[in-house]
1. Scanning for something loosely packed, with under 12 Cβ neighbours inside 10 Å, over 21 Å from Val23 (Cα atoms) and not hydroxyl-bearing (Ser, Thr, Tyr), does the stretch 111-134 turn up at least one residue?
2. In the stretch 1-29, how many are in contact with a strand residue (DSSP E or B) (Cβ under 9 Å, 6 or more places away or on another chain) and closer than 27 Å to Asp97 by Cβ?
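Values in this text are rule-based calculations from the coordinates and carry no lab data. None of these values were measured; they are calculated from a predicted model. FYI the Cβ positions are ideal-geometry reconstructions off the backbone, even for glycines, and counts take in every protein chain you see.
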Amino acid sequence: MGLFDALSISASGLSAERLRMDVTAENLANAQSTQGAGGQPYRRKEVVLQATGGAGGFQAALAGAMGPAGGGSGAVPGGVQVAGIVEDAEPGRRIYDPGHPDADAQGYVTMPNVDSVTEMVDLISESRAYEANVTAMQTAKQMFTKTLDLLR
């Protein structure tokens, strides 16, 4: 594993978690939007992440970190990247509100498929993952500093 690989991996995690937080904030902001693009209610969005670099999961990453002497190929996992942002296909809930401007002929309004509690839990999880990546970057920086101090 190279000197800056740990920083690169953590940086990709920071970028991914930031995008996840942005999308979650968008979902929360539109939780009551009954008319979006195309006249349909807002649809919940989710970020899809995928691993970059060393494919094969933990075992491949461990073998790569051990290098050729340990039977590994020397390949370094590259963190994560955003594969895309998808809309949730779950239908929105219908509430009876005949006075609402977006009500249909029967008086029902189709609301977005956004659950505020779920979004808040996701936001807390994304925030914790972001903090973990910041901590990993700070730890790597401290290790590099100590290594340079030892070489003096």
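1. no
2. 3
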